[in-house]
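Structure first, then comments.
Here, each number is a calculation from the coordinates, and none is a lab measurement. Predicted model, so just to flag it, every value in this text is computed and none were measured. For neighbour counting, all protein chains shown are included, and Cβ atoms are generated from backbone atoms with ideal geometry for every residue, glycine included.
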Amino acid sequence: MNKGLFIIGVVVFAGVFAEFIAKDPYRVDMSNRLLSPSLEHFFGTDQLGRDLFSRVVYGARTSLFLAVSITIISMIFGSLFGAVSGYFGGIIDDVFGRIIDIFLSIPDLVLNIALVGILSLSYGTSPLIIIFSIAFTNWVSYARIVRGSVLSIKEHEFVLAAKAIGASNLYILRKHIIPNIIGPVIVLATLNVGNVIIAISSLGFLGLGIQPPTPEWGEILNSGKNYLETAPWIMLFPGFAIAVTVLGFNIFGEGLRDVLDVKKEIIE
Amino acid sequence: MLKIRNLEVKFKTIEGVVKANNKVSLELKKDEILGLIGETGCGKTVLGMTIMRLLPKNSEVKGEIIYKGKNLLELSEKEMREIRGKEIAIMLQNPSLSLNPVLSVGEQIAEVFLYHDKLSKKDAMRKASEMLKIVGITPKRINEYPHQFSGGMKQRIMIAIALALNPKILIADEPTKGLDSSTKEQIINLMKKLTKGKSMLLITHDLDIAEKLCDRIAVMYAGEIVEILSNFNKAKHPYTIGLLNSLPRRGLKPIDGVSPSLISPPSGCKFHPRCKYREEICTIKNPELKNGVRCFRNDKS
């Protein structure tokens with residue numbers, strides 16, 4: 001868990017203080033294109049002579065901002081959806097449950113690509129569209145887990161006791177049920193950030209995500225793929241950044257899971 | 001205060017329809033402690049939950065529960081929420097399960113004030129600490145969590161929650177369950193002290209407590225009231241007598257047989273398969289509750 005936290009700390013630090021760590025990621029220098037890593041350019045330069053280290057560091061800011069926004073939005077929406085479905089049961093649960101099933105049956109990336117494609121045709125590519133498109137598929141895992149947890153929590157006697165003092169359903173949901181399911185949701189969110197980073201990079205790699213010249217790990221990968229043989233570092237370093245960051249969130253999430261004593265089956 | 005007339009409660013289950021309460025008529029008078037005794041599964045708790053309208057969805061309720069001239073069974077859910085806790089409060093069984101493990105006890109007492117009286121958080125917590133003091137717990141422990149308290153302490157917290165809004169009627173469902181005899185004594189004395197001027201329905205299977213505390217005692221068997229009496233010495237129904245004889249100080253003689261299934265109860269008097277005085281008529285016809293006893297033997301004499 002500490003190792004995970006350390007990695008996350010380094011990435012967050014890089015993202016937040018990018019101005020102080022790195023040079024200008026946009027500065028094109030055609031006389032210095034495709035340089036291999038050196039003391040001056042730690043990660044070398046790309047096909048336009050931009051400093052790759054700076055682009056990867058600024059990329060951390062883009063990826064983290066998007067990933068955290070997407071995770072928070074899908075956590076709030078998915079948890080509410082699952083909580084209402086599980087708590088009220090009956091027809092509401094039938095309808096909401098089927099909606100969850102439908103979303104689970106469509107591969108996330110395919111739906112993401114389709115959504116980004118359609119939306120960017122009408123509105124042009126923007127970070128908002130990427131946030132919306134990934135959150136659109138990502139909330140489902142929260143809904144599923146929260147629904148299951150609420151189903152078991154609502155049978156506890158303290159829920160009946162709360163009803164006995166005259167509390168309304170909404171109040172019980174807010175004060176008694178949600179505090180009891182917050183553990184698994186936090187663990188899921190931490191593990192989920194890693195997946196979301198991969199989703200963002202996938203879209204970027206396919207050219208559908210953040211558009212150049214904004215530095216984003218997937219976008220750098222995409223731009224480097226034509227130079228894989230002559231300048232492999234263009235793909236190597238952002239790829240490494242993605243892998244390490246995702247690993248960090250996963251290690252931290254699993255540590256949290258053990259600390260918060262959440263059953264493994266619930267999350268997986 | 002509270003009049004129950006011809007109450008019938010049924011549950012639809014996969015195995016069949018459970019007739020948990022059958023033609024129950026009972027009156028809880030002002031300032032009275034009414035005991036409700038009977039074996040496990042005879043429908044005592046169901047009666048308490050029916051009054052509070054807290055039964056699960058598969059239940060079907062008929063009859064009347066009149067409080068302040070209104071039939072509680074006909075009130076809307078919103079009107080009922082105003083009654084719960086404020087007018088009629090219930091102490092559920094199992095204090096350890098009825099307290100939320102992730103909220104401090106102070107928050108759980110304060111909740112009642114926050115919710116009904118719309119007090120500020122600070123005022124609610126102050127009132128909660130007053131309640132703790134009243135039930136004999138030092139207010140210093142207000143921020144502790146339920147697992148840090150013993151069984152008797154938790155029961156005291158339940159009392160504090162139930163009495164926080166000064167309800168007119170308290171329904172106590174087995175408040176001494178799982179407590180040792182000295183703690184039992186303390187809890188009972190505390191309840192007796194705090195419910196002065198209130199009406200209380202005390203659900204229990206502890207005959208000693210019922211006798212010590214209650215003004216009147218209703219005996220329930222297989223979902224029916226079989227006897228209402230003010231003193232166990234006047235017991236007439238064979239079931240009540242059987243219950244008394246099963247006490248250690250009366251010779252520890254259990255009643256033969258087991259209590260009947262509520263899905264397919266016996267014909268006639270529900271107690272006849274276990275009754276040593278049964279006659280032919282008992283197997284055919286269910287006697288009415290007359291002069292507080294539901295038994296043909298009593299009718300004759």
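Per-residue ellipticity at 222 nm computed for chain B from its helices equals -8500 deg cm²/dmol, with DSSP H segments shorter than 4 residues left out and the rest contributing -39,500 (n - 2.57).
Note on chain A: dipole from Cβ charges, positive end direction compared against A:V95, A:L206, A:V246; the farthest Cα belongs to A:V95. Just going by the charge dipole of segment A:71-196, with Lys and Arg at +1 and Asp and Glu at -1 on Cβ, which of A:G117, A:A83, A:I178 is farthest out on the positive end? The Cα lying farthest towards the positive end belongs to A:I178. Here each label is just a point 7 Å from Cα along the line to Cβ, and for B:K122 and A:F88 those points are 3.8 nm apart.
Put a plus charge on the Cβ of each Lys and Arg, a minus charge on the Cβ of each Asp and Glu, and nothing anywhere else: the dipole of segment A:51-267 about its Cα centre is then about 400 debye.
Within 10 Å of the Cβ of each residue in B:85-93, the mean number of Cβ atoms contributed by other protein chains is 3.
Using the Cα centre of the protein assembly as shown as the reference point, and only Cβ charges (+1 on K/R, -1 on D/E), how large is the resulting charge dipole? Debye, rounded to the nearest 20. I would put it at about 2900 debye.
Helix A:2-16 and the longest principal axis of the Cα set of chain A meet at an angle near 60°. Cβ crowding within 10 Å, taken as a proxy for footprinting-reagent exposure, orders A:V68, B:V9 from fewest neighbours to most as A:V68, B:V9.
Over what distance in Å are the Cα centres of segment B:272-301 and segment A:168-205 separated? About 62 Å separates the Cα centre of segment B:272-301 from the one of segment A:168-205.
Of the candidates B:V24, B:V46, B:V258, which one comes out as most mobile in a Gaussian network treatment of chain B with C-alpha springs shorter than 10 Å? Maximum among the listed residues: B:V258. Taking other Cβ atoms within 10 Å as a rough exposure proxy, B:C42, B:C282 sort from fewest to most as B:C282, B:C42. Multiplying the residue separation of A:T230 and A:E155 by 0.36 nm and subtracting their alpha-carbon distance yields 20.7 nm. Each Lys and Arg adds +1 at its Cβ and each Asp and Glu adds -1 at its Cβ; summed about the Cα centre, segment B:146-227 shows a dipole of about 520 debye. Build a GNM of chain B with springs between Cα atoms under 10 Å apart, and of B:K86, B:K19, B:K121 the one that fluctuates most is B:K121. Of the listed pairs B:K127/B:K193; B:K140/B:K198; B:K62/B:K133; B:K3/B:K285; A:K154/B:K29; B:K122/B:K184, which have alpha-carbon separations greater than 31 Å here? Among B:K127/B:K193; B:K140/B:K198; B:K62/B:K133; B:K3/B:K285; A:K154/B:K29; B:K122/B:K184, the Cα-Cα distance tops 31 Å for B:K62/B:K133; A:K154/B:K29; B:K122/B:K184. The calculated 222 nm mean residue ellipticity attributable to helices in chain A amounts to -24000 deg cm²/dmol, summing -39500 (n - 2.57) over DSSP H runs of n ≥ 4 and dividing by all residues.
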